[in-house]
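Reviewing the structure listed below.
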Protein chains: 2
Amino acid sequence: VTRIAVDAMGGDNAPAAVVRGAIEARSSQCELVLVGQTEVIEREVQAAGASLGSDLRLVDAREVVYMNDSPSVVVRRKRASSQAIAIELVKSGEVDAAVSAGNSGAMMALALVILGRTSGVERPAIAAELPIDKGKMVLLLDAGANVDCSPENLLQFGLMGSEFYECVHATPHPKVALLNIGEEEGKGNAAAREAAELLKASTINFVGNVEGSHMLTGEVDVVVCDGFVGNIALKVAEGTVDVMRNILRSEFERSRWRRALGAISRPVFRDLTLRTSYEQYGGAPLLGVDGVCIVSHGRSSYRAIASAIREAEDAVLNGVVAKIRTAIEKPLTPA
Amino acid sequence: VTRIAVDAMGGDNAPAAVVRGAIEARSSQCELVLVGQTEVIEREVQAAGASLGSDLRLVDAREVVYMNDSPSVVVRRKRASSQAIAIELVKSGEVDAAVSAGNSGAMMALALVILGRTSGVERPAIAAELPIDKGKMVLLLDAGANVDCSPENLLQFGLMGSEFYECVHATPHPKVALLNIGEEEGKGNAAAREAAELLKASTINFVGNVEGSHMLTGEVDVVVCDGFVGNIALKVAEGTVDVMRNILRSEFERSRWRRALGAISRPVFRDLTLRTSYEQYGGAPLLGVDGVCIVSHGRSSYRAIASAIREAEDAVLNGVVAKIRTAIEKPLTPA
């Protein structure tokens, strides 16, 4: 049985969406511990028509981490928060993983302080999962935890991302690429050029450089970059989706006829929104911290929470932390 | 009268689209010189039902620069190409500006060798224009010329972009922002943090950091970043537009009813494509070289060529090169 602590207070739709997602994801093989203000959570469990039991337990935490809380302040002053206590339960071995839809910077800072890094990892990373088509995902890391990265950091991101992808998406030897400004070898800034050499010599299935335009086409499984570039790439993608939706909407409002067309096409647009709402999918694993921790988007729906919980379960069952440790120990293929 | 040299052989649709664009853009106030294989160009002029004259002249150039030619090879071996000769005409004073839809890296390398840098400029930049709504553009620089940038380089990009935007878009004191991973001060990697300080102390209207998600919303006019980040941001935006179009198409193909809806909505999609085809707009000015040089997208239509020519005319009439020189000389507001 896998046991997972869920931060019931984190995220814009907490606790309702979190509690509902946990109810959806629990099973006889996966026991969940909801952490937070127990009276509030109990009310939500009742409202959902569910009941507590061995597969759905509560642990009290009085404090709440907010989205705009500074990670360093959370680490110093909010150690009694639901997010911190969820991670403490991983540390003490009471659970196998922690999931939160709260502040990702705070989650990373708490995980670093409470769990520490996996042996050999220089810089843990936040890995973002981007849906590219039904069921298929691209894992992009680092998504913002480390703004200045050495080539060695980038190599480790590739190793960690490859292990996670393999564990959670059941894909042996996932294709790992370096986000760069050209596909040819030797392209990019100094860090990228050196990182490409290291990745090429490593044990993983490195397929070379990928350009921004091909990041989301499904040609590669794992995309490696520093946290500055990764955060900007992610947000440009999100922003472009919004701009496209707005343009599409305005084009369907330009005349009475088009408005009528738009009205009867509404189910199509609903499906489009569903397929392009990054916040509605999976989670962002923290890779390189010594335990399974997954952050899901602040705007997570209950479905996204359930999916993050299932992902945490897969990561635990496949021993991703041990696999990352092994990969980091021997990163390069013997010559 | 403004005189502009146009590289008739550059771009995927050359020479037809280039010649047609030039015919469209010429006027009694704007004389154009088409540079390339004269017999080929003459045929295109005739095919377009136009004729040569003082407002549309030819200069012969035998060689052609191809999209995959390496810039350094072009500089050494293709000095008799249409792209090189268009820039030579700027150098000799026979024309006031050069426009090409060809290889942008080669154009930058040739401009650096033939025209040199504007006095005081450390690193010239390629500035990309992104359409965000009817008529409105965002200027993003550097779009890929410089992969490793110092804070001082980024300051100069801000100064140059501001002057160009003001000259060509008739916007006094355009809003300049730094592409970053958070809006708060102190965010970002080391170069970004220092650059923000310099931009804040400069003469331009610096409005602070902008995140990738807000780059294309029209809140800012000029976006500053290094060429590595800029190239990735641009290509992620382009790639996301393609992914969205594919998803939209597939959603309108999921059933017979939806296919019918899609068929009658075709004019809407055509307008959507028109509004989101980055290659169909404006040009990418090379800023910081000592002369007006504009590259337009390789896939430029004749409309895009005409628009790049008009932009070059505006840049010349408003003396953008001299304005950049002045701005670079005194970048900071006296304390």
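The values are calculated or read from the model by the stated rules, or taken from the named source; none is laboratory data. This structure is a prediction, so every number in the text was calculated from the model and none was measured. Don't worry about glycine lacking a Cβ; one is built from the backbone with ideal geometry, like all the others, and counts go over all protein chains shown. Each accessible area value is taken on the protein alone, full model and side chains, heavy atoms only, with ligands, DNA and RNA left out. Shrake-Rupley method; radii C 1.70, N 1.55, O 1.52, S 1.80 Å.
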Single match in A:LYS235, A:LYS330 (criterion: in contact with a Gly (Cβ under 6 Å, 6 or more places away or on another chain), among the basic types (Lys, Arg) and under 30 Å from A:GLY188 (Cβ atoms)): A:LYS235
The stretch B:257-278, residues that are within 14 Å of A:PRO267 (Cα to Cα), open to solvent by 50 Å² or more (accessible area, probe 1.4 Å) and charged (D, E, K, R): B:ARG259
Find the residue count for the stretch A:1-25, including only residues that are open to solvent by less than 60 Å² (accessible area, probe 1.4 Å) and assigned to a loop (DSSP other than H, G, I, E, B). 6
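From the set of residues in the stretch A:200-210 that are open to solvent by less than 30 Å² (accessible area, probe 1.4 Å) and under 20 Å from B:LYS235 (Cβ atoms), which is farthest from the other protein chains (Cβ to nearest Cβ)?
Residue satisfying both the conditions and the ranking: A:GLY208.
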Looking at the stretch B:234-248, which of its residues are facing chain A (nearest Cβ under 7 Å) and either among the β-branched types (Val, Ile, Thr) or farther than 18 Å from A:ILE232 by Cβ (or both)? B:VAL236, B:THR240, B:VAL241, B:VAL243, B:MET244, B:ILE247, B:LEU248
Taking the stretch A:164-185 and keeping residues farther than 20 Å from A:ALA237 by Cβ and within 11 Å of chain B (Cβ to nearest Cβ) leaves A:GLU184
Residue count for the stretch A:218-233, restricted to those that are closer than 21 Å to B:ALA143 by Cβ, more than 7 Å from every other protein chain (Cβ to nearest Cβ) and open to solvent by 10 Å² or more (accessible area, probe 1.4 Å): 1
Here is a list of conditions, (1) of a type in the set (Asp, Glu); (2) away from every other protein chain (no Cβ under 11 Å); (3) open to solvent by less than 40 Å² (accessible area, probe 1.4 Å), and B:GLU251 meets all of them except one; can you say which number that is? (2)
Is the stretch B:112-131 home to any residue that is touching a helix residue (DSSP H, G or I) at 6+ places or on another chain (Cβ under 8 Å), modelled with pLDDT under 95 and aliphatic (A, V, I, L, M)? yes
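Scanning for something within 11 Å of chain B (Cβ to nearest Cβ), open to solvent by less than 20 Å² (accessible area, probe 1.4 Å), closer than 30 Å to A:SER72 by Cβ and in a loop (DSSP other than H, G, I, E, B), does the stretch A:144-161 turn up at least one residue?
Yes, the stretch A:144-161 contains at least one residue that is within 11 Å of chain B (Cβ to nearest Cβ), open to solvent by less than 20 Å² (accessible area, probe 1.4 Å), closer than 30 Å to A:SER72 by Cβ and in a loop (DSSP other than H, G, I, E, B).
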For the stretch A:285-330, give me the residue count where each residue is in contact with a strand residue (DSSP E or B) (Cβ under 6 Å, 6 or more places away or on another chain), closer than 22 Å to A:LYS136 by Cβ and open to solvent by 20 Å² or more (accessible area, probe 1.4 Å). 1
Considering only the stretch B:162-190, state which residues are assigned to a helix (DSSP H, G or I) and under 19 Å from the mean Cα position of the chain (by Cα). B:SER162, B:GLU163, B:PHE164, B:TYR165, B:GLU166, B:CYS167, B:VAL168, B:HIS169
Just one listed residue, out of B:ASP7, B:ASP69, is touching a Ser or Thr at 6+ places or on another chain (Cβ under 6 Å) and on the phi < 0 side of the Ramachandran plot, and it is B:ASP7
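Are any of the residues in the stretch B:221-232 part of a helix (DSSP H, G or I), over 21 Å from A:VAL147 (Cβ atoms), under 16 Å from the mean Cα position of the chain (by Cα) and not β-branched (Val, Ile, Thr)?
Within the stretch B:221-232, not a single residue is part of a helix (DSSP H, G or I), over 21 Å from A:VAL147 (Cβ atoms), under 16 Å from the mean Cα position of the chain (by Cα) and not β-branched (Val, Ile, Thr).
Condition check: within 14 Å of the chain's Cα centre (by Cα) and part of a loop (DSSP other than H, G, I, E, B). Does A:GLY102 satisfy that? If you could, list the steps in order and put the result at the bottom.
Working: within 14 Å of the chain's Cα centre (by Cα): yes; part of a loop (DSSP other than H, G, I, E, B): yes.
Yes.
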Of all residues in the stretch A:26-49 being of a type in the set (S, T, N, Q) and under 20 Å from A:VAL65 (Cα atoms), which is surrounded by the fewest Cβ atoms within 10 Å (Cβ to Cβ)? A:THR38
Select from the stretch B:109-137 the residues that are surrounded by fewer than 24 Cβ atoms within 10 Å (Cβ to Cβ), within 14 Å of chain A (Cβ to nearest Cβ) and outside any loop (DSSP other than H, G, I, E, B) and list them in ascending order. B:LEU130, B:PRO131, B:ILE132, B:ASP133, B:LYS136, B:MET137
In the stretch A:39-95, how many residues are in a helix (DSSP H, G or I) and under 17 Å from A:GLY291 (Cβ atoms)? 11
Matching residues, the stretch B:162-190, being closer than 22 Å to B:CYS293 by Cβ, open to solvent by 10 Å² or more (accessible area, probe 1.4 Å) and among the small types (Gly, Ala, Ser): B:ALA170
May I ask you to list the residues in the stretch A:314-335 that are of a type in the set (D, E, K, R) and under 18 Å from A:THR2 (Cβ atoms)? A:ASP314, A:LYS323
Give me the pairs: first residue in the stretch A:65-82 and in contact (Cβ under 8 Å) with a residue 40 or more places away in the chain and within 17 Å of A:ALA8 (Cβ to Cβ), second residue part of a loop (DSSP other than H, G, I, E, B) and of a type in the set (D, E, K, R), beta-carbon distance under 7 Å, and six or more apart or on different chains, which are they? A:VAL65/A:LYS78
Failed condition for B:ARG193, given (1) more than 25 Å from the chain's Cα centre (by Cα); (2) within 25 Å of B:ALA145 (Cα to Cα); (3) within 8 Å of chain A (Cβ to nearest Cβ); (4) surrounded by fewer than 19 Cβ atoms within 10 Å (Cβ to Cβ), with all others met? (3)
